[in-house]
Amino acid sequence: MSYIANFFVSIDQLGNVIAGGNPDNTVSSRIGYYNQHNSSGEKAPWQWRLFEKIINFSFWPIDGPGHCHEAFHNDAGEEFDENTNNIIFAILASVIIIPSCLFICILLYTLYAFGIVSPKNIDRNKNIKKRLKLAKAKLDGTLHELNEHKVTVDEELKLASETTIKSANEVSDKINGMLNLMKRLSN
């Protein structure tokens, strides 16, 4: 990312912290998580859905549809604050999101009208390769730590290991299935 993009992401992360969130997440990724992937499986509260519509609309000129969902994919390896206080978030986010999005809308839609920006096309293959490379680096770091330090294996660590292996196997199975389908179609 460019210096300017990094600068704006850091401001976004600061806004998420002010609204009681994880400093590694942006407001958009947090909203994408709660609307699309929260572990409770319940429909997100109305304020999360409203903020998603506002943010998605604001960023459409550069990101196309689904900005918050895409932001979640970019932060999917991070931890999301499961026990967020929806009322506090709604109040704080109203102070952050609505004024910010008003400014962003005016700027981006003006740039879009002049043909300076346009919605991007997402290269899923590039994204998946990047995420797999990052996942490997995280696992390599974990292996180094296990090799260098004494670790006590408890039930929580065992469960974390098992769920990680399960996820890795699901990704591998999905990619192998796609490769097998491609082979059958080419024959």
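Kindly state, as a whole number, the per residue volume in cubic angstrom of the convex hull around the alpha carbon atoms of the chain.
On the way: hull volume 33.0 nm³, N = 187.
Output value, Cα hull per residue: 177 Å³.
Given the convex hull of the Cα atoms of the stretch 41-128, what is a quarter of its surface area in nm²? If you can, show how the numbers build up before the last one.
Details: hull surface 27.5 nm².
So the mean shadow area of the Cα hull is 6.9 nm².
Among Gly177, Gly66, Gly77, which one moves the most in a GNM of the chain with springs linking Cα atoms closer than 10 Å?
The residue with the greatest mean-square fluctuation here is Gly177.
Give the order of His144, His149, His37 when sorted by the count of other beta carbons within 10 angstrom, beginning with the fewest. Can you show the working numbers first?
Values: His144 10, His149 7, His37 13.
Taking fewest neighbouring Cβ atoms as first place, the list is His149, His144, His37.
Angle check, please: helix 155-186 long axis (alpha carbons) against the longest principal axis of the chain (alpha carbons), in degrees 0 to 90, nearest 10.
For helix 155-186, the angle is close to 80 degrees.
Most mobile of Ile97, Ile106, Ile55 per a Gaussian network model of the chain (Cα springs, under 10 Å)?
Ile106
Could you put Phe89, Phe114, Phe7 in order, starting from the residue whose Cβ has the fewest other Cβ atoms within 10 Å? The partial results should precede the final answer.
On the way: Phe89 25, Phe114 8, Phe7 11.
Least to most surrounded, the residues fall as Phe114, Phe7, Phe89.
Out of every Cα-Cα pair in the stretch 124-186, what percent are more than 18 Å apart? Before the final figure, lay out the partial values.
Numbers: 1031 of 1953 pairs.
Every Cα pair in the stretch 124-186 considered, those over 18 Å come to 53 percent.
Highest GNM mean-square fluctuation, the chain, Cα pairs closer than 10 Å: which of Ala71, Ala19, Ala113?
Among Ala71, Ala19, Ala113, the largest mean-square fluctuation in the Gaussian network model of the chain belongs to Ala113.
No lab work stands behind these numbers, since they all come straight from the coordinates. Predicted model only: the values in this text are computed from it and were never measured. When we count neighbours, we look across all protein chains shown, and the Cβ atoms used for this are built from the backbone with ideal geometry, even at glycine.
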